[in-house]
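The structure under discussion appears below in the form of structure tokens.
The values are calculated or read from the model by the stated rules, or taken from the named source; none is laboratory data. What you are looking at is a predicted structure, and each value in this text was computed from that prediction instead of being measured. As a convention, Cβ positions derive from the backbone with ideal geometry for all residues, glycine included, and neighbour counts pool all protein chains shown.
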Amino acid sequence: MIAIYPGSFDPVTLGHLDIITRSSRLYEHIIVVISRNPMKNPMFSVEERLGQIRQATAHLPNVEIDSFDGLTVNYAHKRQAKVLIRGLRVLSDFEKELQMAHTNKTLANDLETVFLATSTEYGFLSSSLVKEIARFGGAIGHLVPDHVAHDIQKWYGKNLR
């Protein structure tokens, strides 16, 4: 069975990778898809994020990385996926994710949303938090893969002078 894990992944965190790794044990094929959201102003380009996630998941043979424009349900149909994976950290995530799951169900009744709670050690972690810590010079190596931490530090070195 094919499952889709959509998100902006700007940047990909160890919490995201926790969900990807655990999902890869549950489903035959996982497609991690970066949504191109014109409402967001990302730190990294889609191409950079694709590369970061590919490098971080290279050891997972049943994980594919892609990007898309438009509705997640349309992408899922195009790829013949049956499941949308969503990670949950805190109660406020559940409210937003449940609303999205119900909305997706009205658009595509054949798709199921599966919620995975992040592992305890990543329950506080978000991409926004990583960027905020890095912006003020804090250590982020324990929150993102090493190559992503390097990319973030390089970005801030260029953009905060």
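Numerical summary
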| quantity | calculated |
| --- | --- |
| Residue check, GLY137 of a type outside the set (Phe, Trp, Tyr), at positive phi and exposed (fewer than 14 other Cβ atoms within 10 Å of the Cβ) | yes |
| Of all residues making up region 121-137, the number that are closer than 25 Å to TYR27 by Cα and not in a helix (DSSP H, G or I) | 3 |
| Unmet criterion (only one of (1) over 20 Å from the mean Cα position of the chain (by Cα); (2) within 23 Å of VAL90 (Cβ to Cβ)) for TYR156 | (2) |
| Residue in region 101-120 that is under 24 Å from VAL148 (Cβ atoms) and part of a helix (DSSP H, G or I) present | yes |
| Positions within region 4-36 being modelled with pLDDT under 95, farther than 18 Å from LYS131 by Cα and assigned to a loop (DSSP other than H, G, I, E, B), in sequence order | ARG36 |
| Region 23-37 residues that are free of Cβ contacts under 8 Å to residues at least 60 places away in the same chain and closer than 18 Å to PHE9 by Cβ, paired with ones that are among the charged types (D, E, K, R) and buried (at least 22 other Cβ atoms within 10 Å of the Cβ) (beta carbon under 8 Å, 6 or more apart) | ILE34/ARG49 |
| Any hit, region 3-16, residues being without any contact (Cβ under 8 Å) to a residue 12 or more places away in the chain and over 11 Å from the mean Cα position of the chain (by Cα) | no |
| Filter result for the condition that a residue is under 30 Å from LYS158 (Cα atoms) and surrounded by 11 or more Cβ atoms within 10 Å (Cβ to Cβ), over ILE30, ILE34 | ILE34 |
| Among (1) buried (at least 16 other Cβ atoms within 10 Å of the Cβ); (2) more than 26 Å from TYR75 (Cβ to Cβ) - the single one SER127 does not satisfy | (2) |
| Odd one out for GLY87 among (1) touching a residue at least 12 places away in the same chain (Cβ under 8 Å); (2) over 20 Å from ILE2 (Cα atoms) | (2) |
| For THR106: the one exception among (1) within 17 Å of the chain's Cα centre (by Cα); (2) among the hydroxyl-bearing types (Ser, Thr, Tyr); (3) modelled with pLDDT of 95 or more | (1) |
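Each row is one residue, and each column tells you yes or no for (1) more than 19 Å from SER35 (Cβ to Cβ); (2) without any contact (Cβ under 8 Å) to a residue 40 or more places away in the chain; (3) aliphatic (A, V, I, L, M).
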{"residue": "GLN55", "(1), (2), (3)": "yes, no, no"}
{"residue": "ALA58", "(1), (2), (3)": "yes, yes, yes"}
{"residue": "VAL83", "(1), (2), (3)": "no, no, yes"}
{"residue": "ASP93", "(1), (2), (3)": "no, yes, no"}
{"residue": "THR103", "(1), (2), (3)": "no, yes, no"}
{"residue": "ALA108", "(1), (2), (3)": "no, yes, yes"}
{"residue": "VAL114", "(1), (2), (3)": "no, no, yes"}
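Every residue, every condition in (1) touching a Leu at 6+ places or on another chain (Cβ under 6 Å); (2) assigned to a helix (DSSP H, G or I); (3) over 23 Å from THR120 (Cα atoms); (4) of a type outside the set (Phe, Trp, Tyr), yes or no:
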{"position": "PRO61", "(1), (2), (3), (4)": "no, no, yes, yes"}
{"position": "TYR75", "(1), (2), (3), (4)": "no, yes, yes, no"}
{"position": "ALA81", "(1), (2), (3), (4)": "no, no, yes, yes"}
{"position": "PHE94", "(1), (2), (3), (4)": "yes, yes, no, no"}
